[in-house]
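Taken together, the values in this text are just the output of simple stated rules run on the coordinates, not laboratory data. Worth saying up front: this structure is predicted, and the values here are computed from it rather than measured. Cβ sites come from the backbone with ideal geometry, for glycine too, and all protein chains shown count toward neighbours.
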Amino acid sequence: MTVHSFRAEGISAALDLSVGHIAEFVIESGGRLLQPLHRAPWIERDDLPEGLPEGVVRLSGDFLCAPFSRSDVEAAPLHGWPANSAWDLIADEAISGGRRVSFRLQHKVMGATVEKTLILRDGHPFLYQEHTFTGGSGAISVAQHPMTEMAEGGRLAFSPKRLAATPPDVTEPDPARGAHLLAYPARSSDLTRFPAADGGQTDLTDYDAARRHEDFVTLVEAKHGGMGWTAVARKAEADVVLVLKNPAELPVTMLWISNGGRFYAPWNGRHGVLGIEDGRSAIGHAASLGDNWLKQEGVETAFTLGGSIAFRQIVGAMQLEGGDPPSQVETLPGRLRLIFTDGSQREVPFDETFLRIGEPDLK
């Protein structure tokens with residue numbers, strides 16, 4: 001494995017160049033080392049089932065999906081070449097108050113050149129990410145794929161969402177191979193009362209480590225005009241993981257709940273992970289280009305290629321006393337503020353200009 005590591009004051013990261021996954025992300029916080037991103041326990045093992053995509057073999061941290069899910073327009077592995085093949089380092093440079101590193105995918109995607117830029121800033125508990133596509137033809141669905149470990153579960157909170165929906169196909173339909181908690185297909189405008197497989201309801205904001213299930217649900221951003229955010233208060237880790245986006249670029253947040261609900265290798269019933277996948281996508285490349293249910297809801301599910309497109313996401317974490325996530329996340333000049341239901345607040349250094357909220361000419 002070839003890894004490129006880089007750091008700024010109080011924060012470090014590394015990219016696995018063989019597949020473009022973030023192999024390491026560490027934040028120094030009050031004498032602790034916070035590690036918000038998950039790394040699969042089977043990496044470096046030589047007894048994996050044959051035929052797994054490289055992106056599963058080396059499953060780590062966060063990565064770019066292009067397309068998201070099935071590559072059924074241009075031949076590629078699950079989640080596309082950006083998640084399964086080599087990237088080249090093209091720049092590693094000091095910037096004012098931090099470090100910027102850029103990479104280029106060796107494969108082209110629908111004829112487009114794909115580049116990844118990762119930025120760490122001194123004293124900021126965040127990894128700032130941008131992906132760009134230059135040239136190409138047709139259209140591409142995309143998603144970021146950050147994953148956080150949920151050893152003892154936790155609680156979730158979100159920027160306003162107008163609905164949540166599961167796809168038609170059950171994640172694990174064979175009870176000998178896995179288990180699912182949610183109903184398929186189903187939808188709800190109340191995330192705390194989502195239809196369950198047993199006919200009841202379940203709370204999507206509660207990640208209960210005791211329940212073994214494999215599920216996938218898409219959250220559609222409401223039109224609130226602000227930053228999109230997901231906050232995950234992790235119980236065992238005593239922290240809050242934050243995933244931030246511009247909804248104009250990435251209008252959906254797809255939750256991959258892999259809580260020991262796959263009984264076969266390499267999962268073996270042990271995963272305990274939450275994927276927070278902000279994207280512009282339906283499930284599969286062809287579906288994203290077609291007349292899918294999200295388009296019927298007025299949601300874009302692909303970028304048109306040919307010129308230059310770019311989208312950004314931010315991932316970070318901070319220590320958290322108590323088990324509840326913030327009820328509000330808001331930006332201030334140079335700061336990010338978390339507001340909790342008890343009235344308490346936390347602020348940390350933050351580049352509030354990075355996500356380009358409200359800019360009229362988004363690429």
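Residues of segment 153-167 include none that is without any contact (Cβ under 8 Å) to a residue 12 or more places away in the chain and not polar (S, T, N, Q). Scanning segment 274-284 for residues that are touching a Lys or Arg at 6+ places or on another chain (Cβ under 6 Å) and either over 17 Å from Trp229 (Cβ atoms) or without any contact (Cβ under 8 Å) to a residue 60 or more places away in the chain (or both) yields a single hit, Gly284. Just checking, how many residues over segment 306-341 are among the hydrophobic types (A, V, I, L, M, F, W, C), over 20 Å from Gly123 (Cα atoms) and either surrounded by 19 or more Cβ atoms within 10 Å (Cβ to Cβ) or touching a residue at least 60 places away in the same chain (Cβ under 8 Å) (or both)? Looking only at that region, the number is 3. Looking only at residues of segment 200-228 that are of a type in the set (A, V, I, L, M) and part of a loop (DSSP other than H, G, I, E, B), we find that the one that is surrounded by the fewest Cβ atoms within 10 Å (Cβ to Cβ) is Ala210.
Going through His79, His124 one at a time, which residue ends up being assigned to a loop (DSSP other than H, G, I, E, B), under 19 Å from the mean Cα position of the chain (by Cα) and of a type outside the set (Gly, Ala, Ser)? Testing whether each residue is assigned to a loop (DSSP other than H, G, I, E, B), under 19 Å from the mean Cα position of the chain (by Cα) and of a type outside the set (Gly, Ala, Ser) leaves just His79. Checking each residue in segment 167-199 for being assigned to a loop (DSSP other than H, G, I, E, B), touching an Asp or Glu at 6+ places or on another chain (Cβ under 8 Å) and over 19 Å from Ala143 (Cβ atoms) picks out Glu172, Ala179, His180, Leu181, Tyr184, Leu191, Thr192, Arg193.
Residues in segment 258-305 that are out of contact with any strand residue (DSSP E or B) (no Cβ under 7 Å at 6 or more places or on another chain), surrounded by fewer than 18 Cβ atoms within 10 Å (Cβ to Cβ) and in a loop (DSSP other than H, G, I, E, B): Tyr264, Ala265, Asn268, Gly290, Asp291, Gly298. What are the residues in segment 103-121 that are under 13 Å from Ala13 (Cα atoms) and over 19 Å from the mean Cα position of the chain (by Cα), if any? Residue satisfying the conditions is Arg121 alone. Gly123 fulfils the conditions (1) small (Gly, Ala, Ser); (2) at negative phi; (3) surrounded by fewer than 22 Cβ atoms within 10 Å (Cβ to Cβ); (4) touching a Pro at 6+ places or on another chain (Cβ under 6 Å) except for a single criterion, (2). Considering Leu274, Leu336, the condition of being under 19 Å from Val220 (Cα atoms), within 21 Å of the chain's Cα centre (by Cα) and hydrophobic (A, V, I, L, M, F, W, C) is satisfied by Leu274 alone. When restricted to residues that are assigned to a strand (DSSP E or B) and either over 20 Å from Ala143 (Cα atoms) or out of contact with any strand residue (DSSP E or B) (no Cβ under 9 Å at 6 or more places or on another chain) (or both), segment 229-250 contains 4.
Number of residues in segment 144-166 that are surrounded by 19 or more Cβ atoms within 10 Å (Cβ to Cβ) and not in a strand (DSSP E or B) equals 5. Filtered by the rule that a residue be among the aliphatic types (A, V, I, L, M) and farther than 20 Å from Val243 by Cβ, segment 9-60 gives Leu17, Val19, Ile43, Leu48, Leu52, Val56, Val57. Scanning segment 228-256 for residues that are farther than 12 Å from Ile276 by Cβ, in contact with an Asp or Glu (Cβ under 8 Å, 6 or more places away or on another chain) and hydrophobic (A, V, I, L, M, F, W, C) turns up Ala233, Ala236, Ala238. Taken over segment 101-114, the criterion of being at negative phi and buried (at least 19 other Cβ atoms within 10 Å of the Cβ) is satisfied by Val101, Phe103, Leu105, Val109, Ala112, Val114.
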